[in-house]
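Colleague: Before we start, here is the structure in question, set down as structure tokens.
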Amino acid sequence: MKRYKFRYKETIVTILSDSEEYFKVAVEAILEARSEIEEYIMLHPEFLTSYEPIDCSGGEIVSRMCRAAEIANVGPMAAVAGTIAGYAVERMIEKGAETAIVDNGGDIAIHSSKDVLVGIYPSEFAFKVPPVDFIAICTSSGKIGHSVSFGYADAATVISRDASIADALATALGNEVRDFGREELERTVSDFYSRFSEYVEGAVVIKDDFVAVAGRTPKIVIAKSNADLITKG
């Protein structure tokens, strides 16, 4: 498994693959997805700025974002990072990659024949993801990063078989986390999972010293974090 870095405008990704061939496939897919999004925004500026679902129709990438926004009741750009990551991994799989992992600023799409350890930043916890054909692990934070969140979570993470939905719902979950105590946090995460269980495998929220888990998540383990592996600008 080889690790690559790629940056283009706002997109900052870490790509893990079997070889440079699949890294190039991922980069081509990322640029293709970004081009479609940028062209759509030029014609429909509200796609970029809305914090609520909007009526929109476009190509494959835009359509995925719009559908995820409608499900999560957020703006379509809340799904942008996960959508791009998921699309890149899909293209890598089509070309034959046995390992295809794209981390787009904490929104991660995974295809792997081996166990993968995915850290939950900022914490000492990690998901131990078993071999999987495709899964997305997307995280929103009210304290870290440049993405907009109206909540107080250190990390609000959603696991789904759909990367666009995982990203949009991570934003929605993060927005629901207020200055809660343990019981309120656990109830919020449990209620969230109940509402969206048809779309997600599970959800985890870390806030201060509290951790709330709902649904079917990969095994959570203690792991020493390595700051050099975090995808950030």
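Every number here is computed from the coordinates shown, using simple stated rules; none is lab data. The structure displayed is predicted, hence computed values, not measured ones. Heads up, the Cβs are rebuilt from the backbone with ideal geometry, glycines too, and the neighbour counts pull from every protein chain shown.
Colleague: In nm, to one decimal, how far is the Glu94 label point from the Lys114 one, both placed 7 Å along Cα→Cβ?
Modeller: According to this spin-label approximation, the distance is 2.7 nm.
Colleague: Please report the equivalent ellipsoid semi-axes of the stretch 8-86, computed as sqrt(5 x eigenvalue) of the Cα gyration tensor, largest first, in whole Å. Don't skip to the end; give the middle numbers.
Modeller: Numbers: eigenvalues 123, 32, 21 Å².
The equivalent ellipsoid of the stretch 8-86 has semi-axes of 25, 13, 10 Å.
Colleague: Alpha carbon centre of the stretch 25-42 versus the stretch 49-66: separation in Å?
Modeller: Cα centres, the stretch 25-42 to the stretch 49-66: 14 Å.
Colleague: Most mobile of Glu98, Glu46, Glu183 per a Gaussian network model of the chain (Cα springs, under 10 Å)?
Modeller: Of Glu98, Glu46, Glu183, the most mobile in the Gaussian network model is Glu183.
Colleague: Would you mind checking the pairs Lys5/Lys224; Lys114/Lys207; Lys24/Lys95 and listing those with alpha carbons more than 19 angstrom apart? Please report the intermediate quantities before stating the final value.
Modeller: Numbers: Lys5/Lys224 22 Å; Lys114/Lys207 30 Å; Lys24/Lys95 11 Å.
From Lys5/Lys224; Lys114/Lys207; Lys24/Lys95, over 19 Å: Lys5/Lys224; Lys114/Lys207.
Colleague: Return the single residue from Ile222, Ile84, Ile54 with maximal mean-square fluctuation; model: Gaussian network over the chain, springs between Cα atoms under 10 Å.
Modeller: Maximum among the listed residues: Ile222.
Colleague: So what's the back-of-envelope 222 nm ellipticity for the chain, counting only DSSP H runs of four-plus at -39500 (n - 2.57) apiece and dividing by all residues, rounded to 500? Provide the component values of the computation, followed by the final result.
Modeller: Values: 6 runs with 85 residues, N = 233.
Value at 222 nm, helices only, nearest 500: -12000 deg cm²/dmol.
Colleague: Let me make sure I get this right: for the stretch 2-225, a, b and c are the square roots of the gyration tensor eigenvalues over alpha carbons, sorted descending. Under 1.5 in a/c it's rounded, otherwise prolate if a/b > b/c, else oblate. Which is it?
Modeller: Numbers: a/c = 1.80, a/b = 1.15, b/c = 1.57.
Note, shape of the stretch 2-225 comes out oblate.
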